[in-house]
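Undergrad: Below are the structure tokens for one structure; questions will follow.
The values are calculated or read from the model by the stated rules, or taken from the named source; none is laboratory data. Predicted, not measured: the structure shown is a model, and the values here were computed from it. Backbone-built Cβ (ideal geometry, glycine too); neighbour counts: all protein chains shown. What goes into the accessible areas is simple: the full protein's heavy atoms, side chains included, and nothing from ligands, DNA or RNA. Shrake-Rupley method; radii C 1.70, N 1.55, O 1.52, S 1.80 Å.
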Amino acid sequence: MPYQRVLLTGAAGNLGRELRTRLAGRFPTLRLSDLAEMAPAGPGEEVVRCDLADASAVAELCRDVDAILHFGGQATEAGWDKVLAANIAGAINLWEGARLAGVRRIVFASSNHAIGMHRRSTTIDHRAMAAPDGRYGLSKAFGEDLAALYAYKHGVSALCIRIGSSFAEPADARQLSTWMSFADLGRMVEVGLTADYTYEIVYGVSDNSRSFWDNSNAERLGYRPADSADRFIETHIGKTTDDPIAELTQGGTFSSSEFSGDPDALP
Ligand code: NAI
Ligand code: 15L
């Protein structure tokens with residue numbers, strides 16, 4: 001059944017602005033939301049400012065929506081107060097608002113930092129255990145479990161995209177493994193909206209030969225990345241950090257920040 005109204009959270013952010021452009025005209029109505037100011041509504045758009053931490057405002061935001069692209073929230077490591085409000089309370093409010101409004105599907109911008117403590121030398125797939133590399137990563141692992149609860153118990157299907165590094169170009173040697181082009185992000189979101197599934201985890205990554213991840217689950221669902229970080233290998237290869245924990249782990253400096261554990265114990 002086609003979607004009449006799709007909600008995009010985080011619409012003022014880097015990826016939200018990309019998706020807004022790519023999704024223009026794709027649905028009868030695209031409802032755009034963020035805490036921050038957004039460009040005024042164009043044809044087929046609604047713009048609603050809303051704090052994800054405000055449960056009643058989020059419930060209202062979800063009304064008359066068929067599907068949600070949840071990209072809003074704290075997007076890097078931060079203190080518990082920010083992570084708790086934007087990503088944990090915010091996610092609870094969003095999924096509960098979705099359930100109350102009869103939303104059928106949520107495509108969730110999870111992060112590689114949900115599994116960031118895994119070693120780079122281990123190629124992991126969507127079944128790997130969570131190994132968050134900080135408070136932010138933990139909030140994404142929580143969001144994935146919350147999505148499973150609402151998918152299996154309440155019928156709100158969910159695709160959790162563990163996005164690697166989605167920027168215009170890879171910025172360093174690590175991103176030769178983790179980079180996802182904006183166009184491939186758009187392709188993955190399209191899979192999230194249209195494929196037949198109840199609950200799935202995939203990696204948000206382009207077709208990088210140096211990827212840390214086996215993304216066969218995304219391919220099974222229909223994802224066909226067209227870009228690759230490989231054309232930037234010459235630019236970044238060898239430009240590693242002098243941070244051994246960052247170099248050892250998939251999460252990089254998110255993992256090494258505040259690290260006080262045993263490197264030999266890492267998964
Ligand atoms: P961003 O920081 O540019 O965008 C996030 C947006 O969320 C901002 O516009 C911000 O105002 C909004 N926001 C923050 N707290 C909010 C709240 N309490 N209520 C409502 N809105 C709030 O980040 P970016 O790069 O666009 O990322 C988008 C999503 O994708 C985030 O959830 C991030 O965790 C996830 N992600 C992004 C990656 C990337 O490489 N860009 C990698 C992995 C995950
Ligand atoms: C993320 O989750 C962040 O949102 C983004 O800013 C990058 O740091 C990315 O991960 C990454 O791991 O490169």
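Undergrad: Residue check: is Ala53 in a loop (DSSP other than H, G, I, E, B), open to solvent by less than 60 Å² (accessible area, probe 1.4 Å) and closer than 17 Å to Phe182 by Cβ?
TA: no
Undergrad: I've got another one for you. Kindly indicate whether Val189 is closer than 14 Å to Leu15 by Cβ, modelled with pLDDT of 95 or more and crowded, with 18+ Cβ neighbours inside 10 Å.
TA: Considered against the rule, which asks whether it is closer than 14 Å to Leu15 by Cβ, modelled with pLDDT of 95 or more and crowded, with 18+ Cβ neighbours inside 10 Å, Val189 comes out as yes.
Undergrad: Please work out which one of (1) open to solvent by 30 Å² or more (accessible area, probe 1.4 Å); (2) without any contact (Cβ under 8 Å) to a residue 60 or more places away in the chain; (3) touching a helix residue (DSSP H, G or I) at 6+ places or on another chain (Cβ under 7 Å); (4) closer than 27 Å to Gly155 by Cα is the condition Ala195 fails and give its number.
TA: (1)
Undergrad: Further, regarding this structure: Does Asp242 meet the test of being modelled with pLDDT under 95 and out of contact with any Ser or Thr (no Cβ under 8 Å at 6 or more places or on another chain)?
TA: Yes: the conditions hold for Asp242.
Undergrad: Follow-up question, since we're still on this one. I'm checking my understanding of the structure. Among residues of segment 198-216 that are open to solvent by 10 Å² or more (accessible area, probe 1.4 Å) and within 20 Å of Asp145 (Cβ to Cβ), which one is nearest to ligand 2 (Cβ to nearest atom)?
TA: The residue in question is Trp213.
Undergrad: Would you point out the residue of segment 160-182, among those that are open to solvent by 20 Å² or more (accessible area, probe 1.4 Å) and either more than 16 Å from ligand 2 (Cβ to nearest atom) or over 18 Å from Asn215 (Cα atoms) (or both), that is farthest from the chain's Cα centre (by Cα)?
TA: Selected residue: Asp172.
Undergrad: If you don't mind, there's one more thing I want to ask. Can you name the residue in segment 84-94 that is small (Gly, Ala, Ser) and crowded, with 24+ Cβ neighbours inside 10 Å and, of all such residues, is nearest to Ile68 (Cα to Cα)?
TA: Ala91
Undergrad: Let me ask another. Could you list all residues from segment 114-137 that are more than 13 Å from ligand 1 (Cβ to nearest atom) and open to solvent by less than 30 Å² (accessible area, probe 1.4 Å)?
TA: Met117, His118, Ile124, Asp125, Ala128, Ala131
Undergrad: Same structure, new question: For segment 153-183, what are the residues that are away from ligand 1 (no atom under 12 Å from the Cβ) and within 24 Å of Tyr3 (Cα to Cα)?
TA: Matches in segment 153-183: Lys153, His154, Gly155, Val156, Ser157, Ala158, Leu159, Ala183.
Undergrad: Still on this model: Please tell me if Ala36 is touching an Asp or Glu at 6+ places or on another chain (Cβ under 7 Å) and either more than 24 Å from Gly102 (Cβ to Cβ) or buried (at least 20 other Cβ atoms within 10 Å of the Cβ) (or both).
TA: no
Undergrad: Given the options Ser111, Ser157, name the one that is open to solvent by less than 30 Å² (accessible area, probe 1.4 Å), touching a helix residue (DSSP H, G or I) at 6+ places or on another chain (Cβ under 6 Å) and within 17 Å of Asn215 (Cα to Cα).
TA: From the options Ser111, Ser157, the qualifying one is Ser111.
Undergrad: Checking the condition more than 17 Å from the chain's Cα centre (by Cα) and open to solvent by less than 10 Å² (accessible area, probe 1.4 Å), which residue from Gly97, Gly102 passes?
TA: Of the residues listed, the single one that is more than 17 Å from the chain's Cα centre (by Cα) and open to solvent by less than 10 Å² (accessible area, probe 1.4 Å) is Gly97.
Undergrad: For segment 200-219, name all the residues that are closer than 15 Å to Met188 by Cα and of a type in the set (D, E, K, R).
TA: Those that are closer than 15 Å to Met188 by Cα and of a type in the set (D, E, K, R): Glu200, Asp207, Glu219.
Undergrad: Quick test for you: out of Asp81, Asp145, pick the one residue that is part of a helix (DSSP H, G or I), out of contact with any helix residue (DSSP H, G or I) (no Cβ under 9 Å at 6 or more places or on another chain) and either within 13 Å of ligand 1 (Cβ to nearest atom) or open to solvent by less than 50 Å² (accessible area, probe 1.4 Å) (or both).
TA: Just one listed residue meets the conditions, Asp81.
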